Amino acid sequence: MREWTTQELRVLRDYAGLGAIDLAHLLHRSPKAVKLIARRQGISLRRSDDDIPVGRLSAELLARIRANPGLAVCPMCGKRFARIPTTGMCRCCHLDALIDAHQESIEEQIRLRRLDKVRQDKSRMRVCDSCGRPFFPRTSSQSSVCRDCS
């Protein structure tokens, strides 16, 4: 049985939200050993949805992460673990993508409203019988003559 190094304990503390199995794979330890040392150190191994920064990991740990299919780094930023299974992104990038999608939806709704307004104006527009110019009749009358000619 080998002793736990300071770096391993730091990784255990910083990345406890991954859970015992993923940490065991990351540290080349058994899940039972990870659970035992976490209990002794007072570290909760409950999986969380919090973003876990990847930037402070060593190259060796990053290689182990890439080898484990359960641990994926966010493809958008590359700074955090991908925690959203549907998109494969970290929470921050996932929320940014949702914001962008909603903004595009709002912009599309604005364009559709402008199109409806133009179509309404086009259908309301009349041509003056006297001068031949287009005009919008008053709402109270359905006149076929513009204001200038009446």
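Taken over region 84-103, the criterion of being among the charged types (D, E, K, R) and in contact with a strand residue (DSSP E or B) (Cβ under 8 Å, 6 or more places away or on another chain) is satisfied by Arg91 alone.
Applying the criterion of at least 2 residues that are modelled with pLDDT of 85 or more and buried (at least 16 other Cβ atoms within 10 Å of the Cβ) to the helices (runs of 4 or more DSSP H) found wholly in region 8-115 leaves 20-27, 31-41.
The values are calculated or read from the model by the stated rules, or taken from the named source; none is laboratory data. Quantities reported herein were computed from a predicted structural model and do not represent experimental measurements. Cβ atoms come from the backbone with ideal geometry, glycine included; neighbour counts cover every protein chain shown.
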